[in-house]
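**Student:** Please read through the structure below; I'll follow up with questions.
The values are calculated or read from the model by the stated rules, or taken from the named source; none is laboratory data. From a predicted model like this one, the values you see are computed outputs, not experimental measurements. Please note: Cβ atoms are built from the backbone with ideal geometry, for glycine as well, and neighbour counts cover all protein chains shown. Areas reflect the complete protein model, heavy atoms only, side chains present, ligands, DNA and RNA absent. Shrake-Rupley method; radii C 1.70, N 1.55, O 1.52, S 1.80 Å.
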Amino acid sequence: MKRIIKIGRWLCLLLPLVFLSCSGSDENDPHSPTPQTIASGNDARPAWQAPQYTSFEQTMSVSLLMQRELEPYVTTQDLLCATIGNEVRGLTAPTVEEGLIFFPLTVAANGKGESITLSYYCERLHRIFTIPWTTFDASVAPMGEGGIYRPQFAAVK
């Protein structure tokens, strides 16, 4: 029964993403960055391991979309990692449903207010992008309050 509820919850969360992803296009915008503006690297695939979620008091579940400039490079081999301090507190690969690519991330912590850093490993670019992201809050809206979570990893020239 829990599995059915969890699947239903994710389907309800994904519907707004489908509508938002179809709402417009930057293809004709001359100021829209092109994939060539993001350089390849030589980072090895990280050995991040998912945390033992039951070892923590609380979890925060969010769905993230990749930064538009990085979307053309996303593959199912990519990883999104959340850390607090230097400890991995969440790990996920992208999920593809009906052409929409998103990262369902669950972050574990023992209290509110701890700073979360996101690291994104891109298999095609062989790069790890890391940014400070937000603070832990178990009551955060899974889909964001002002829009879908779309962290900005790459500075585009």
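**Student:** If the chain between residue 43 and residue 57 were fully stretched, how many nm would it gain, using 0.36 nm times the residue separation less the Cα-Cα distance?
**Tutor:** 1.7 nm is the gain from fully extending residue 43 to residue 57.
**Student:** Under the Karplus relation 6.51 cos²θ - 1.76 cosθ + 1.60, θ = phi - 60°, what is the ordered set of whole-Hz ³J(HN,Hα) values for segment 141-149, x standing for Gly and Pro?
**Tutor:** Residue by residue, segment 141-149 yields 5, x, 9, x, 9, x, x, 5, 5 Hz.
**Student:** Now for a different question. What ranking do 139-146, 61-68, 91-98 get when scored by the average of other Cβ atoms within 10 Å per residue, highest first? Numbers along the way, then the final one.
**Tutor:** Details: 139-146: 12.2, 61-68: 19.4, 91-98: 14.8.
Answer by packing, highest mean first, reads 61-68, 91-98, 139-146.
**Student:** In whole Hz, with x marking every Gly and Pro, tabulate ³J(HN,Hα) for segment 57-62 from phi via Karplus 6.51 cos²θ - 1.76 cosθ + 1.60, θ = phi - 60°.
**Tutor:** 6, 9, 10, 10, 10, 9
**Student:** A further question on this structure: Could you please tell me the mean projected area of the C-alpha convex hull for segment 35-157, averaged over all directions and given in square nanometres to one decimal? Walk me through the numbers before you get to the answer.
**Tutor:** Numbers: hull surface 31.4 nm².
So the Cα hull casts an average projection of 7.8 nm².
**Student:** Report the FRET efficiency, 1/(1 + (r/R0)^6), for residue 123 and residue 98, where r is their Cβ-Cβ distance and R0 is 22 Å, rounded to 0.05. Intermediate values should be presented prior to the final figure.
**Tutor:** On the way: r = 22 Å, r/R0 = 1.01.
The value I calculate is 0.50.
**Student:** For residue 91, what residues show an amide H to amide H distance below 5 Å, using hydrogens built from the backbone and excluding near sequence neighbours?
**Tutor:** 82, 106
**Student:** Moving on. On the accessible surface of segment 67-143, probed at 1.4 Å, how many percent belong to carbon and sulfur atoms?
**Tutor:** Details: 1530 of 3320 Å².
For segment 67-143, the apolar C and S fraction of the accessible surface comes to 46 percent.
**Student:** From Cα pairs below 8 angstrom and at least 6 apart in sequence, can you work out the relative contact order of segment 59-157, rounded to a whole percent? Could the numbers behind the result be given before it?
**Tutor:** On the way: 214 pairs, mean separation 36.1, N = 99.
36 percent.
**Student:** For segment 42-47, what does the Karplus curve 6.51 cos²θ - 1.76 cosθ + 1.60, with θ = phi - 60°, yield as ³J(HN,Hα) per residue in whole Hz, taken in order and with x for Gly and Pro?
**Tutor:** Along segment 42-47, the couplings run 9, 6, 7, 4, x, 9 Hz.
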